[in-house]
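Q: Supplied in structure tokens, the structure appears directly below.
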């Protein structure tokens, strides 16, 4: 009896990329092998054939044809054409409107994020609001302006992913990394949207702390 008489449901997508250094389950192992005839199959090849034989015992297949991960009709149509290799130039233009930027250094991605933040807040007609990290050495706040400036501009790869200067833009997506108020749903991993920064006027400085931001930036100390 297949699978010991237990009902088993498999989910998969046969048009995904091939497994790395392995064979997909739809491989027909009954075809002649490229290896020398009479050679004993390896343990990996035996396991591949066992997996294939199990897949062939599936007696019901249901194709899910409705995409549930997005409701954007235009993007859905693009995905359908992409699946069949029939994309158009309009599809290319649509993807260009929100093209991702891949970088390999944290310094570069931080500069890109800061430039985008400045651009977006300028479009809204507001000065950039930048939260400044409070660096402490042996329990004492650092007051040396030269040392403080160097610390604030360190790559977040050297500061446990905590940037020295963090710009805020109304409407920007955020994610909480620790539990703040579980009874209110403010828990680790929850997504949200930044709306407003509440601060005391005496904590604001207009002194330029970094050349990454324009002269009208407000720094929250």
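The values are calculated or read from the model by the stated rules, or taken from the named source; none is laboratory data. Since this is a predicted model, take the numbers as computed values, not measurements. When we count neighbours, we look across all protein chains shown, and the Cβ atoms used for this are built from the backbone with ideal geometry, even at glycine.
Q: Let me confirm something: among 73, 82, which residue is at pLDDT 85 or above and either surrounded by 11 or more Cβ atoms within 10 Å (Cβ to Cβ) or in contact with a helix residue (DSSP H, G or I) (Cβ under 7 Å, 6 or more places away or on another chain) (or both)?
A: On the way: 73 fails: either surrounded by 11 or more Cβ atoms within 10 Å (Cβ to Cβ) or in contact with a helix residue (DSSP H, G or I) (Cβ under 7 Å, 6 or more places away or on another chain) (or both).
Of the residues listed, the single one that is at pLDDT 85 or above and either surrounded by 11 or more Cβ atoms within 10 Å (Cβ to Cβ) or in contact with a helix residue (DSSP H, G or I) (Cβ under 7 Å, 6 or more places away or on another chain) (or both) is 82.
Q: Can I ask one more? Got a sec? Which of 49, 83, 98 is in contact (Cβ under 8 Å) with a residue 24 or more places away in the chain and on the phi < 0 side of the Ramachandran plot? Show your work before the answer.
A: Details: 49 fails: in contact (Cβ under 8 Å) with a residue 24 or more places away in the chain; 98 fails: in contact (Cβ under 8 Å) with a residue 24 or more places away in the chain.
One residue alone meets the criteria, 83.
Q: Please specify each residue of the stretch 201-213 satisfying the condition of being at pLDDT below 85 and in a loop (DSSP other than H, G, I, E, B).
A: 206, 207, 208, 209, 210, 211, 212
Q: Right, next: Please go through the stretch 182-213 and pick out each residue that is surrounded by 11 or more Cβ atoms within 10 Å (Cβ to Cβ), over 27 Å from the mean Cα position of the chain (by Cα) and closer than 25 Å to residue 109 by Cβ.
A: Passing the criteria: 208, 209, 210.
Q: Still on this structure, please answer the following. What's the total number of residues in the stretch 116-145 that are within 19 Å of residue 206 (Cα to Cα) and under 19 Å from the mean Cα position of the chain (by Cα)?
A: 1
Q: Okay, next question. Answer with yes or no whether residue 119 is modelled with pLDDT under 90 and out of contact with any strand residue (DSSP E or B) (no Cβ under 9 Å at 6 or more places or on another chain).
A: Numbers: modelled with pLDDT under 90: no; out of contact with any strand residue (DSSP E or B) (no Cβ under 9 Å at 6 or more places or on another chain): yes.
Criteria not met by residue 119.
Residue-by-condition table, conditions (1) surrounded by 12 or more Cβ atoms within 10 Å (Cβ to Cβ); (2) under 25 Å from residue 164 (Cβ atoms); (3) outside the structural domain of residue 16 (by TED's automatic domain parsing):
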| position | (1), (2), (3) |
| --- | --- |
| 54 | yes, no, no |
| 59 | no, no, no |
| 78 | yes, no, yes |
| 87 | yes, no, yes |
| 91 | yes, no, yes |
| 111 | yes, yes, yes |
| 125 | no, no, yes |
| 133 | yes, yes, yes |
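Q: Counting only residues that are more than 18 Å from residue 214 (Cα to Cα), give me the strands (runs of 3 or more DSSP E) lying completely in the stretch 80-195 with at least 1 of them. Before the answer, list the steps.
A: Numbers: elements: 129-132, 165-168, 173-175, 191-193.
Result: 173-175, 191-193.
Q: Can I ask one more? Identify, from the list 216, 179, the residue that is within 24 Å of residue 108 (Cα to Cα) and at pLDDT 85 or above. Give the steps one after another, and end with the answer.
A: Details: 179 fails: within 24 Å of residue 108 (Cα to Cα).
The match here is 216.
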